[in-house]
1. Quick one: what pairs do we get from the range 3-16, first residue under 11 Å from residue 37 (Cα atoms), second in a helix (DSSP H, G or I), C-beta under 8 Å, 6+ apart or different chains?
2. Name the residue, out of 27, 32, 14, that is at pLDDT below 80 and buried (at least 17 other Cβ atoms within 10 Å of the Cβ).
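The values are calculated or read from the model by the stated rules, or taken from the named source; none is laboratory data. A quick note: this is a predicted structure, and the numbers were derived from the prediction, not measured. Here the Cβ positions follow ideal geometry from the backbone for every residue, glycine too, while neighbour counts run over all protein chains shown.
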């Protein structure tokens, strides 16, 4: 229960930091889709999606390189005893959904 509340707080703060503090224009296209926090609050897996599909690997690397800075900004913004280590992971569920949608449209057109 506590990990979910902390996860929601972190999600809001991370989006705020990405919008206001990070200067990289590629990262402006990032949307946080999901955040999983371990029970002991040591690690937070931050799943993201982007409109810039061609640069998703570069964006993921950039986010993981900036994770320490983002964590530092969160420490200043939130009153938490422990802020988890952030790991950014590209969320391909939207791509998978689009692929399924395209396949269903193709099937309907054939009938």
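1. Pairs found: 10/74.
2. Result of the check over 27, 32, 14: 27.
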